[in-house]
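Contents: one structure, followed by commentary.
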Amino acid sequence: MKKSMFRVLSIVLCFALLFGSAVGTSAANDAEISRVSCVVYGDGATGRGFTWYTADETECSIEISVLGIDVTSTLDVKYDCGEWEGNYMHKAYVTGLAAGTIYSYTITAGTATHSGVFSTDNGDDIVNFIVGGDVQASSLEAFEVGQKVMETAYKFFPVAEFYATLGDYTNDSTNEEWDLYSQAFIGINSVTTHVPITGNHDSNKGWFNSMFALDTSESVQTNNGVNYSFDYGNVHIAVVNTNDMLAISNAQLTWLRNDMNSTDADWKIVLMHKAPYSLGKDIKWPDACYLQEALTEVCDATNVDLVMSGHDHMYVRTKPLNDNKVVEQKDGTTYILGGATGAKRYEFRKFILDNYFSQDILATAVAQANGEYFANGNLDNLDETNKGGIFNTISVVGGALALNTYVVNDETLEIKQIDELTIVKAQGENKITFTGENVQKSNVIDTLASFADFAAYTLGTWVPMFLKTLPDLLKEYIATGTF
């Protein structure tokens, strides 16, 4: 079946399931199956990882079907089930899926069932997906803000094959908050594939890894988050864990370098939580600043096209950079702070520019906390209509990548475009320069070396930079009460 037919079927099915009543847990059993997710496992064409929770211990059971025919016996399904923080966690790792296929699945827990759907990548050079930023909520009302933004994104961009969240799902990573997240997002998480990224608010010991059935075979560690990678069409995506040694360890930097050098995909994208470039409050601390030096060096050396981050709840895009300098689009990496999908939003900290990074590298930015908007470095252009949650769409068609960014009005759900970017490049130029096993586990030597490198950066680069900006920071604190 041609891809165009799959897309038509996917659109029809997603609308019927996401905005109808054909999917989910029966009303009588809503409380019995929760925290359902379907994530990429290994690669986008053949693997998926499923997670669900129950209040009590039950058998792990999932059935995978195509057009109503059970094909579970033809697949490799491995289960991992056990108690987690007072609830019962279920994971199913499914491999051997057929590329370019629409699957449905049914989870059974006792007398309760939950149904969902996903489609696999067919390997061509057309890839569409959605990226959202921090939800970081504690109440159902706040979670529903993020839910409405993401469902609006799917209605607007129904060809999306998966969506990514740039970390900070909850505020405190507690049972109550994950239950509220599940209640708000279980609809959308049941009809598509999710790409989760660890945020600092998700880093309570083991919580993130317990919530998603990810491929952790190459993860440096899983205690405070997970790093992993996968291919989708002609796009290679690496998910970085910025909770690893305050920001990132030497082991994970080595993993990322090897990972990007082990692919000949036309497009290389990095997704992570903490942002190397921001106008928000968190960029002033050494963990985020360190990424400007350590992570960007790897991106420069491995021809990464795009880096998308969260953490500071606003939208920021740099010009294409190499060695922190503006270069031609084809020669550099574009860094994007993807905005907040949820209700918590930050204001600009104007003293950041030309102190923590040069204003010359800034392309555009939006902050919703006070309705600010500026383009090309103009911080004085205020626009109250920019208040709302943000989502980004990415469309790859052969040698062209189009990024479009939108604000969803909190009250009306009206969509307003706030940014667009197109990158065009020659295909077939990336070559594989690393082969072999890419397992870089943390150990005592790596931990000491990572700490020494971070300390040297902090003392040699960050402290002088912070002291230089301290007077402006204190002035702003006295004027606004914001540190």
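The values are calculated or read from the model by the stated rules, or taken from the named source; none is laboratory data. Predicted, not measured: the structure shown is a model, and the values here were computed from it. For neighbour counting, all protein chains shown are included, and Cβ atoms are generated from backbone atoms with ideal geometry for every residue, glycine included.
Some observations on this one:
- Across region 192-213, the qualifying residues are those that are of a type in the set (A, V, I, L, M, F, W, C) and more than 25 Å from SER104 (Cβ to Cβ), and the one among them that is modelled with the highest pLDDT is ILE197.
- Of all the listed residues (GLU144, GLU83, GLU32), the sole one being under 25 Å from THR170 (Cα atoms) and free of Cβ contacts under 8 Å to residues at least 40 places away in the same chain is GLU83.
- Check on THR405, polar (S, T, N, Q), surrounded by 11 or more Cβ atoms within 10 Å (Cβ to Cβ) and assigned by TED's automatic domain parsing to the domain that holds VAL366: yes
- Number of residues in region 305-337 that are basic (Lys, Arg) and closer than 18 Å to CYS289 by Cβ: the value is 1.
- Which numbered condition GLN252 misses (of (1) in contact with a strand residue (DSSP E or B) (Cβ under 6 Å, 6 or more places away or on another chain); (2) not in a loop (DSSP other than H, G, I, E, B)): (1)
- Positions within region 98-137 being over 30 Å from ALA400 (Cα atoms) and of a type in the set (Ser, Thr, Tyr), in sequence order: SER104, TYR105, THR106, THR108, THR111, THR113, SER115
- The selection criterion, being part of a helix (DSSP H, G or I) and either within 28 Å of the chain's Cα centre (by Cα) or over 30 Å from ASP264 (Cβ atoms) (or both), holds for ALA452.
- Any hit, region 218-228, residues being aliphatic (A, V, I, L, M) and without any contact (Cβ under 8 Å) to a residue 60 or more places away in the chain: yes
- Here the condition is being farther than 25 Å from GLY460 by Cα and at pLDDT below 95; of MET314, MET272, it holds for MET314 alone.
- Lone unmet requirement of (1) under 30 Å from ALA301 (Cα atoms); (2) at pLDDT below 90; (3) touching a Ser or Thr at 6+ places or on another chain (Cβ under 7 Å) for ASN443: (3)
- Residue list for region 369-387, restricted to those being touching a Ser or Thr at 6+ places or on another chain (Cβ under 9 Å) and either at pLDDT 95 or above or part of a strand (DSSP E or B) (or both): TYR373, PHE374, ALA375
- Residue satisfying all of: in region 264-310; polar (S, T, N, Q) and buried (at least 23 other Cβ atoms within 10 Å of the Cβ); farthest from TYR228 (Cα to Cα) among these: SER278
- Lone qualifier among PHE466, PHE451, PHE483 - being loosely packed, with under 14 Cβ neighbours inside 10 Å, touching a residue at least 12 places away in the same chain (Cβ under 8 Å), outside the structural domain of THR364 (by TED's automatic domain parsing) and hydrophobic (A, V, I, L, M, F, W, C): PHE483
Conditions (1) within 25 Å of PRO464 (Cα to Cα); (2) of a type outside the set (D, E, K, R), marked per residue:
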residue	(1), (2)
ALA238	no, yes
GLN252	no, yes
ALA265	no, yes
ALA275	yes, yes
ASP282	yes, no
GLU297	yes, no
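- Restricting LEU401, LEU413 to residues that are modelled with pLDDT of 90 or more, part of a loop (DSSP other than H, G, I, E, B) and in contact with a strand residue (DSSP E or B) (Cβ under 9 Å, 6 or more places away or on another chain) narrows the list to LEU413.
For (1) under 12 Å from the mean Cα position of the chain (by Cα); (2) farther than 28 Å from GLY399 by Cα; (3) not assigned by TED's automatic domain parsing to the domain that holds ARG349, each residue gets a yes or a no:
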| site | (1), (2), (3) |
| --- | --- |
| ILE237 | yes, no, no |
| ALA251 | no, yes, no |
| ASP259 | no, no, no |
| SER262 | no, no, no |
| TRP267 | no, no, no |
| PRO276 | no, no, no |
| LEU279 | no, yes, no |
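- Failed item in (1) modelled with pLDDT of 95 or more; (2) in a loop (DSSP other than H, G, I, E, B); (3) within 18 Å of GLY199 (Cα to Cα), with ASN303 passing the rest: (3)
- LYS431 at pLDDT 95 or above and loosely packed, with under 12 Cβ neighbours inside 10 Å: yes
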